[in-house]
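One structure is given below, encoded as structure tokens.
Rule-based calculations on the coordinates, nothing more; no lab input. All of these numbers come straight from a predicted model, not from anything done at the bench. Every residue, glycine as well, gets a Cβ built from its backbone with ideal geometry; the counts of neighbours run over all protein chains shown.
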Amino acid sequence: GAYVFNPFLTGLLVGWLFKMTVLTVLLAVVAGVFALVVTAFAVNVLSVRMKMPVLSLPFIIAGSIMCLVAAAHPELTAVLSGHPAFEAEDARLPVWLGGFFRAWGAILFAPNVPAGVILCALALCFSRILFFLSVLGFYSGALARMFMTGSAYAAFGDVYNFNFILIAMAVGGVFFRPSYRSYLMAVAAAVVSAPLTGAAALLWSAHGIPAFSLPFNLAVIGIVCV
């Protein structure tokens, strides 16, 4: 659960931000241990006392600190942007399709079509319901952002669209029993989180930190608590 995937995501982030050196390996270990400690604290406060899911909040905290470390030591970094732009011509797919696969890949810091196709195939093999919800969530959220921005390229090519995928799967297939009602809730959650995603990205970018999966955490925790 949270004790595993939060340190795991933090380690992936370290490997994505920094050049591969012995120091990077040591930093990944330290960051993973820190994420584990934060996870234990969050579980005790959120899950045990407040009956709220932890999700990837510990990763967001640990990942934000790692981004600040990267900004302080640019000589060690390989990729400092934290949220690389999607290339519409990647694999020569239209942006509405290529963006979907890249959003899948972005979940594991690999925002490209091949990685996204592999993850989509794994999701389809594991659960057709979750795969359907990923499609429903992505296009619901992306269409909402398109109406907000007036640009299909900006809406479907946004790196943070993976939040819509995670939100729809969590709401429609994990925390609530899969049904027509939960599917409608998943669509509503993805649409409502569209402005939240843009706002979170703008706020965090002012400090040089990616928004990561913050919109996903806020939307899902809010719905579960309601």
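Key figures for this structure:
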quantity	calculated
Two-site FRET efficiency, F175 against H73, from Cβ-Cβ distance with R₀ of 41 Å, rounded to 0.05	0.55
Leading residue at positive end of dipole, the chain (Cβ point charges), from W204, L57, C67	L57
Among (1) 51, 35, 31; (2) 49, 47, 35; (3) 56, 43, 43, the entry that matches Cα extents along the principal axes in Å as calculated here	(2)
Span-rule helices in the chain, defined as complete DSSP H runs reaching 20 Å or more along the axis (Cα) with Kyte mean at least 0.0	2-17, 22-42, 57-72, 128-149, 180-205
Shape of region 100-226, Cα gyration tensor, a/c cut at 1.5	oblate
For peptides 120-126, 97-103, sequence by mean Cβ density within 10 Å, most packed first	97-103, 120-126
Chain lengthening between T21 and L108 when straightened (0.36 nm per residue, less Cα-Cα)	29.2 nm
Computed [θ] at 222 nm, helices only, for the chain once each DSSP H run of length n ≥ 4 contributes -39500 (n - 2.57)	-23000 deg cm²/dmol
Cβ crowding within 10 Å averaged over residues, with 33-39, 186-192, 203-209 ranked highest first	186-192, 33-39, 203-209
Test item: Cα-centred dipole of the chain, Lys/Arg +1 and Asp/Glu -1 on Cβ, debye	620
